[in-house]
Amino acid sequence: MSLAKRIKYPSVIERYYTKYYRTNVHSETNNDTLVLVHSNRVCVLMLSERHPILTNPLKIHSIESLASVNQSMSGKSKRGADYVQPNKLLYRIKCDNEQIFTICASIKGRLVELNDEIIKTPDLLQQKPQGEGYLAIFIPSLKDAENNLKLLVTEQDYISSKQSS
């Protein structure tokens with residue numbers, strides 16, 4: 001077996017993004033989100049790997065979008081995009097066991113995209129949670145990018161807090 005086949009290369013997420021977490025979103029226990037932060041400040045919102053939808057075999061009944069994206073964006077910095085606060089409601093996910101999870105923006109910034117595909121195909125959240133099952137894409141301002149990190153928990157702190165609880 002060649003050396004190239006034995007080496008495990010880091011994924012795109014591991015190479016280009018830094019993981020941060022927002023715990024107990026909307027004051028719901030274990031309703032944690034993952035925010036991937038790229039070096040160019042673009043942030044991708046996803047469900048945390050330890051979210052009950054991903055760890056328990058919960059069947060998603062429906063996903064309701066609670067926000068909309070302004071379609072008149074233009075330019076590199078997406079002028080015209082809606083500026084959202086961390087507690088802006090984005091989605092309500094209803095599971096077959098009557099459990100409901102409310103997903104908030106988790107960070108302050110321009111809401112560039114909401115993933116419409118997860119509304120059409122809710123199983124994407126479970127099948128491809130760190131790919132096509134993303135929730136939203138944001139671009140925070142320079143000032144907000146620093147302030148957002150104060151609201152979030154690093155990957156190491158998140159893992160240690162989940163192990164101790």
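Where a number appears in this text, it was derived from the coordinates with a stated rule and is not lab data. No experiment lies behind these values; they were computed from the predicted model shown. Ideal geometry is used to build each Cβ from the backbone, glycine not excepted, and the neighbour counts take in all protein chains shown.
Highest mobility in the GNM of the chain, judged by mean-square fluctuation with C-alpha springs under 10 Å and restricted to I13, I60, I137, is found for I13. Counting only Cβ charges, +1 for Lys and Arg and -1 for Asp and Glu, the dipole size of region 80-142 around its Cα centre is about 280 debye.
Please find the FRET efficiency linking S62 to E113, where r is the Cβ-Cβ separation and R0 is fixed at 25 Å, and quote it to the nearest 0.05.
Numbers: r = 21 Å, r/R0 = 0.82.
Calculated value: 0.75.
Using a Gaussian network model of the chain in which every pair of alpha carbons under 10 angstrom is joined by a spring, one finds that among E98, E64, E117 the greatest mean-square fluctuation is at E98.
Were the residues from K94 through V12 laid out at 0.36 nm apart, the gain over their Cα-Cα distance would be 26.5 nm.
Work out the P(r) tail for the chain: percent of alpha carbon pairs separated by more than 21 Å, whole number. List each step's numbers first, then the result.
Numbers: 6452 of 13530 pairs.
In whole percent, the share of Cα-Cα pairs in the chain beyond 21 Å is 48.
Mean-square fluctuations from a GNM of the chain, with a 10 angstrom spring cutoff on Cα atoms, peak among P86, P57, P122 at P57.
Mind checking the full-extension length gain between H38 and Q127? Use 0.36 nm per residue of separation minus the Cα-Cα distance, one decimal, nm. Could the numbers behind the result be given before it?
Details: separation 89, 0.36 × 89 = 32.04 nm, distance 2.32 nm.
Here the segment from H38 to Q127 would lengthen by 29.7 nm.
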